[in-house]
Ligand code: 13P
């Protein structure tokens with residue numbers, strides 16, 4: 001059975017004090033649920049987040065990592081540094097990393113390989129831009145992104161992959177893919193996995209939707225058969241919103 005996941009990508013928000021406060025609020029409001037709750041604070045607050053969540057039912061993820069094992073890469077973070085402090089889940093390929101830091105599918109493929117070598121779980125993000133959707137090219141775009149970023153993997157590697165479909169035009173814009181649009185492309189994504197790796201792998205993989213998920217649309221989005229949760233940006237920063245989104249699965 002694939003897992004339902006609600007993950008908060010905190011991006012470049014929250015000081016350490018605010019990080020602790022929000023995690024404590026999530027614990028206080030968290031329903032008794034089988035849905036996995038993930039928070040991804042900034043690098044400097046990961047240690048603290050691990051310390052206060054340890055073993056208590058909230059997973060801490062990093063927002064990025066470098067593909068090299070270590071070396072002269074000023075400002076970067078290696079996989080071993082994350083696992084050393086107890087962070088074993090990493091978000092890779094977010095559209096903001098692709099757009100502002102020029103991350104390509106080829107680069108992401110090598111980050112994925114490094115993360116897997118360190119036995120990390122990857123939340124692998126991808127999704128089309130507005131122009132692709134307008135040209136009805138979104139099915140092709142996600143296919144190329146999967147092919148170039150992930151389809152070099154072996155079948156066994158997929159146990160450590162979570163997919164996050166995030167249409168760029170819906171991120172931080174208040175514009176959401178309709179539940180039908182999201183379901184349509186999630187089903188397509190799952191069919192691509194099935195064609196490449198078999199139905200069993202496809203059935204097991206959690207595919208999250210990201211892009212302006214809010215308390216008032218979460219339930220309908222999460223009720224779609226091929227949507228297994230959400231990767232939440234803005235609404236993950238406010239406890240009232242995030243806790244209501246988590247309840248979207250109840
Ligand atoms: P918003 O929920 O703010 O649109 O951001 C989505 C996102 O980028 C999650 O990674």
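Key figures for this structure:
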quantity	calculated
Helix-only [θ]222 nm of the chain, DSSP H runs n ≥ 4, -39500 (n - 2.57) each, per residue, nearest 500	-12500 deg cm²/dmol
For the stretch 1-73, convex hull of alpha carbons as volume per residue, Å³	123
Directionally averaged projected area (convex hull, Cα atoms, the chain), nm²	12.4
Residue-span extension gain [residue 194 to residue 137] - 0.36 nm each, minus C-alpha spacing	18.4 nm
Value in Å of the Kirkwood radius, where the stretch 39-123 supplies the Cα pairs that are averaged	13.1
Largest-first ellipsoid semi-axes for the stretch 86-217, taking √(5λ) over the Cα gyration tensor eigenvalues, angstrom	23, 17, 15
GNM flexibility winner over the chain from 194, 236, 202 (Cα, springs under 10 Å)	194
Average Cα contact separation per residue, the chain, under 8 Å, 6 or more apart, as relative contact order %	21
Relative contact order of the stretch 37-140, pairs being alpha-carbon contacts under 8 Å that are 6 or more residues apart, as %	23
Likely footprinting exposure, 81, 1, fewest C-beta neighbours within 10 Å first	1, 81
Ranked 100, 144, 209, criterion: other C-beta atoms within 10 Å, fewest first	100, 144, 209
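We did not get these values from a lab; they are worked out from the coordinates using the rules stated. Since this is a predicted model, take the numbers as computed values, not measurements. As a convention, Cβ positions derive from the backbone with ideal geometry for all residues, glycine included, and neighbour counts pool all protein chains shown.
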